[in-house]
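Structure record follows, encoded as C-alpha cells.
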Amino acid sequence: HHPFRLAFPRGGQTQLTFGLVSVLCRRTMETGDRLPIRGGETLASAMKQERRWRSHHPKSSSSSSASQSSRGPLVMGFLSCLAWLYVAGRLWQDAENRLLLSDLLQKNSGHLPKVLTVEDKLLNLGCKEIGRKTVEAEMDLTLAKSQGYLRGNVTSSEKKLLAVVGVYTGFGSRIKRNIFRGSWMPRGDALRKLEERGVVIRFVIGRSANRGDSLDRNIDDENRQTKDFLILESHEEAAEELPRKAKFFFSSAVESWDAEFYVKVDDNINLDLNGLIEILESRRGGHGLYMGCMKSGVVISEEGRQWYEPEWWKFGEAKSYFRHAAGSLTILSNNLARYININSASLQTYAHDDTSVGSWMIGLDATYVDDDHLCCSSSRQGN
C-alpha cells in the first residue's frame with residue numbers, strides 16, 4: 001500500500017531475493033509502521049534505516065508475539081475457574097442434601113426401629129396375625145374332629161359305633177351286590193338293627209367319569225331302594241384309582257360315622273361277619289391298631305406285568321414291599337383313620353391300595369396286628 005522504489009547502482013549485480021521482500025512486508029504488517037524507504041533511496045540505505053529503527057524500538061517488535069503467547073494460559077485459567085466453581089457447587093448441594101436427610105432420620109428415629117426384622121415386616125403387613133388365626137383355626141378343626149363334631153350323616157346314637165364296614169364295588173357288580181345281600185350282608189330292617197348294635201355296612205363306590213350318565217343314575221336308583229351305599233362324590237370310579245379310593249373311603253367314613261374301627265373289604269370274598277365282630281369287640285378301645293393279614297412281597301419293576309409298580313425304585317435294591325395288610329381286608333382304628341382324613345391331600349399313593357395304606361402307617365406309632373382269621377385262606381373267611 002506504500003509504493004516505494006528500489007534503486008540499484010548502475011552496473012551492479014545486487015539480487016533482491018523473495019525472502020528479503022517477505023521479511024520487509026511481514027514487518028510492515030505486524031507493526032503497522034511504514035518502512036522508512038522514500039523515493040530515490042537504495043535498498044542498502046533502506047536496510048540501514050531498518051536496523052536503526054529496530055535498535056530504537058525493541059519492545060514494539062516483541063509485544064505482539066508476547067501478547068499472542070500469553071492468551072493460551074489465560075483461557076486455560078478461565079476454564080479451570082469455571083470447573084472449580086461447578087465442582088464446588090455440586091459438593092455444596094450434596095452437603096445440603098445429607099444434612100436434610102440426617103434431620104429427617106433424627107426426627108423419625110423415635111417412631112421406627114433402627115433395624116426392621118422379618119417379624120416386624122410381617123406384623124406391619126398383617127401377615128403374622130393372619131397366620132396365627134389360620135393355625136388356631138386348624139387346631140380347632142382338628143380338635144372338633146377328634147371330639148366327634150363331624151359333618152355328614154353322623155349317627156344319632158351317643159355311643160360310639162363298633163365298626164364301619166365298607167365293601168368296595170363297581171358299576172358292573174350289581175349281581176355280586178345282590179349275592180352279598182342274600183348271604184352274609186343283612187338288608188332292609190335287618191341292616192337297620194345291625195346298625196343299632198353298632199355295625200354299619202355300606203357298599204363303597206365313586207362317580208362315573210361322565211358325571212350324571214346312566215352309570216351314576218343306576219347307582220342312585222339302586223341306593224334309593226336299598227339305602228346301603230356310601231357314594232364318594234369326589235372320587236372317579238376306575239380300576240387305576242383304587243389307591244385314591246382308599247383315601248376317600250376312610251376320610252368319608254370318619255366324617256360320616258364315629259366308630260372304633262373302619263374296615264375296608266373287597267367284593268371278592270364272603271365275609272364271616274359274626275367272626276369279624278368278635279375280633280373287633282375283643283379289640284375295642286385299642287389305640288393305633290392296624291389289623292389284617294400281614295404280608296410283604298416282591299416289587300414288580302417290569303412294565304406290562306401284573307402288579308407292576310411304577311414307583312419300584314423307591315423300594316431299594318431288594319425290591320421288596322414293606323409289611324402291610326393284604327388288600328382284601330384292612331382294619332384301622334379310629335385315630336389312624338382320622339390321620340388319613342386330615343392328611344389325605346399330602347399322602348403318597350402307589351400302584352395298589354394295600355401297599356398305599358401300608359406306606360401311610362410306616363411313619364406312625366401304629367400297632368400291627370397280624371391275625372390269621374383275617375386272611376382269605378382262613379377257614380373263617382371263604383374265597
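The values are calculated or read from the model by the stated rules, or taken from the named source; none is laboratory data. Since we're looking at a predicted model, the values are computed, not measured. Don't worry about glycine lacking a Cβ; one is built from the backbone with ideal geometry, like all the others, and counts go over all protein chains shown. Accessible surface is based on the protein model in full, side chains and every heavy atom, while ligands, DNA and RNA are left aside. Shrake-Rupley method; radii C 1.70, N 1.55, O 1.52, S 1.80 Å.
Below are the figures for this structure:
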{"quantity": "Among the residues listed as Y350, Y321, the single one being modelled with pLDDT under 85, over 25 Å from N270 (Cβ atoms), in contact with a strand residue (DSSP E or B) (Cβ under 8 Å, 6 or more places away or on another chain) and surrounded by 17 or more Cβ atoms within 10 Å (Cβ to Cβ)", "calculated": "Y321"}
{"quantity": "Unmet criterion (only one of (1) at pLDDT 90 or above; (2) under 46 Å from the mean Cα position of the chain (by Cα)) for G152", "calculated": "(1)"}
{"quantity": "Neighbours by Cβ (under 9 Å, 6+ apart or cross-chain): first from region 357-378, farther than 20 Å from F248 by Cα and open to solvent by 40 Å² or more (accessible area, probe 1.4 Å); second assigned to a loop (DSSP other than H, G, I, E, B) and hydrophobic (A, V, I, L, M, F, W, C)", "calculated": "C376/I269"}
{"quantity": "Restricting region 217-227 to residues that are of a type in the set (D, E, K, R) and in a helix (DSSP H, G or I), the residue that is farthest from W257 (Cα to Cα)", "calculated": "R217"}
{"quantity": "Among the candidates N274, N268, residue that is in a helix (DSSP H, G or I) and either open to solvent by 30 Å² or more (accessible area, probe 1.4 Å) or out of contact with any strand residue (DSSP E or B) (no Cβ under 6 Å at 6 or more places or on another chain) (or both)", "calculated": "N274"}
{"quantity": "Residues (among the aromatic types (F, W, Y) and more than 19 Å from L347 (Cα to Cα)) located in region 211-262", "calculated": "F229, W257, F261"}
{"quantity": "Pairs, first within 12 Å of I231 (Cβ to Cβ) in region 206-218, second acidic (D, E), C-beta under 7 Å, six or more apart", "calculated": "G206/E236; G206/E237; R207/D216; R207/E233; R207/E236; R207/E237; S208/D216; S208/E237"}
{"quantity": "Any hit, region 228-238, residues being in a helix (DSSP H, G or I) and open to solvent by 10 Å² or more (accessible area, probe 1.4 Å)", "calculated": "no"}
{"quantity": "Residue list for region 330-347, filter: over 22 Å from K160 (Cα atoms) and open to solvent by less than 40 Å² (accessible area, probe 1.4 Å)", "calculated": "S344, L347"}
{"quantity": "Flag for V299 being within 37 Å of the chain's Cα centre (by Cα) and open to solvent by less than 20 Å² (accessible area, probe 1.4 Å)", "calculated": "yes"}
{"quantity": "Residue satisfying condition, being at pLDDT below 90 and of a type in the set (K, R), within set K160, K176, K193", "calculated": "K160"}
{"quantity": "Count of residues meeting criterion [loosely packed, with under 13 Cβ neighbours inside 10 Å and not in a loop (DSSP other than H, G, I, E, B)] in region 282-296", "calculated": "1"}
{"quantity": "Test for S234: is it closer than 25 Å to V254 by Cα, touching a Gly at 6+ places or on another chain (Cβ under 9 Å) and small (G, A, S)", "calculated": "yes"}
{"quantity": "Any hit, region 183-192, residues being within 46 Å of the chain's Cα centre (by Cα), surrounded by 19 or more Cβ atoms within 10 Å (Cβ to Cβ) and at negative phi", "calculated": "no"}
{"quantity": "Residue that is farthest from Y262 (Cα to Cα), among those in region 193-216 that are open to solvent by less than 10 Å² (accessible area, probe 1.4 Å) and assigned to a strand (DSSP E or B)", "calculated": "G206"}
{"quantity": "Residue among L230, L273, L242 that alone is more than 24 Å from N341 (Cβ to Cβ) and of a type outside the set (D, E, K, R)", "calculated": "L273"}
